[in-house]
1. So residue 128 clears everything in (1) over 18 Å from residue 69 (Cβ atoms); (2) touching a helix residue (DSSP H, G or I) at 6+ places or on another chain (Cβ under 6 Å); (3) not in a strand (DSSP E or B) except one condition, right? Which one?
2. Looking only at the stretch 69-87, filter to residues that are open to solvent by 10 Å² or more (accessible area, probe 1.4 Å) and either in a helix (DSSP H, G or I) or among the β-branched types (Val, Ile, Thr) (or both); which one of those is farthest from residue 167 (Cα to Cα)?
3. Restricting the search to the stretch 88-114, which residues are among the aliphatic types (A, V, I, L, M) and either open to solvent by 10 Å² or more (accessible area, probe 1.4 Å) or outside any loop (DSSP other than H, G, I, E, B) (or both)?
4. Can you tell me which residue is modelled with the highest pLDDT among those in the stretch 55-102 that are within 11 Å of the chain's Cα centre (by Cα) and among the aromatic types (Phe, Trp, Tyr)?
5. Being free of Cβ contacts under 8 Å to residues at least 60 places away in the same chain, within 18 Å of residue 177 (Cα to Cα) and surrounded by fewer than 19 Cβ atoms within 10 Å (Cβ to Cβ), is that true of even one residue in the stretch 118-137?
6. Please work out which residue is surrounded by the most Cβ atoms within 10 Å (Cβ to Cβ), limiting yourself to the stretch 173-203 and to residues that are modelled with pLDDT under 95 and assigned to a strand (DSSP E or B).
7. Determine whether the stretch 45-53 contains at least one residue that is buried (at least 18 other Cβ atoms within 10 Å of the Cβ), in contact with a Lys or Arg (Cβ under 8 Å, 6 or more places away or on another chain), within 28 Å of residue 201 (Cα to Cα) and at pLDDT below 95.
8. Quick one: in the stretch 138-172, of everything that is open to solvent by 50 Å² or more (accessible area, probe 1.4 Å) and assigned to a helix (DSSP H, G or I), which residue is farthest from residue 80 (Cα to Cα)?
Amino acid sequence: MSAKLFAHKRAAISRGIAVRTTGLLVAILLIFPAACAAKSEKNHNDAFFGGAADESRIASQVRHRLLMLPYYGVFDDLAFRVDGSTVTLLGAVTRPTLKDDAERAVKRIEGVTKVINQIEVLPLSPNDDQIRLAEYRAIYGDPALSTRYGYRALPSIHIIVKNGHVTLEGVVANKADRDLVGIRANSVPGVFSVTNDLQVENG
């Protein structure tokens, strides 16, 4: 990975941590939209989870394009589903530009004829931004977790926050790490709930 791309990804993390200042939309969207509902069915591919040996060329390239997006950070989650030449994008992101960037990147893949973009743009909320920062510190401030997962251009544990609810997405090496991340996430005050959707490598 180039130094420029590495710098972009580190900058994205910093931007995601920074507290945004737009007004109160907390408690308006208490029910997740169809995009998140579709993702929760697990009928999709998480960008971070390696594909099967017989994965199609399109699926492999979609995964690669999503992971290489320069502003994809730890507070975003990207996933996808491939149906022939149609790709459905799923997940949740903190910036609408990332949603648009993901669609543009996938449309450029040879053989893709249609992209259905169901990525959710998370609502602006100073409270959620504070939770993101606190969760980041709780998880990546743990010496064991920071050593194994923190020193990457794009850390593999993603922290998705919506209206005070936290969902953990991504990949860890073993069940012990998955449990430890869950404990750290649940230690943050002011969080309504924590859903641990982390996947275990080869698990």
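The values are calculated or read from the model by the stated rules, or taken from the named source; none is laboratory data. None of these values were measured; they are calculated from a predicted model. Cβ atoms come from the backbone with ideal geometry, glycine included; neighbour counts cover every protein chain shown. For the accessible areas, the whole protein counts, side chains as well, though only heavy atoms, and no ligand, DNA or RNA atoms are used. Shrake-Rupley method; radii C 1.70, N 1.55, O 1.52, S 1.80 Å.
1. With respect to (1) over 18 Å from residue 69 (Cβ atoms); (2) touching a helix residue (DSSP H, G or I) at 6+ places or on another chain (Cβ under 6 Å); (3) not in a strand (DSSP E or B), residue 128 is out only on (2).
2. Taking the candidates together, the pick is 86.
3. Correct list: 89, 90, 92, 93, 98, 102, 105, 106, 112.
4. Per the criteria, the residue is 75.
5. The answer is yes; a qualifying residue exists.
6. Among them, the one singled out is 199.
7. Looking through the stretch 45-53, at least one residue is buried (at least 18 other Cβ atoms within 10 Å of the Cβ), in contact with a Lys or Arg (Cβ under 8 Å, 6 or more places away or on another chain), within 28 Å of residue 201 (Cα to Cα) and at pLDDT below 95.
8. Among those residues, the one meeting the criterion is 143.
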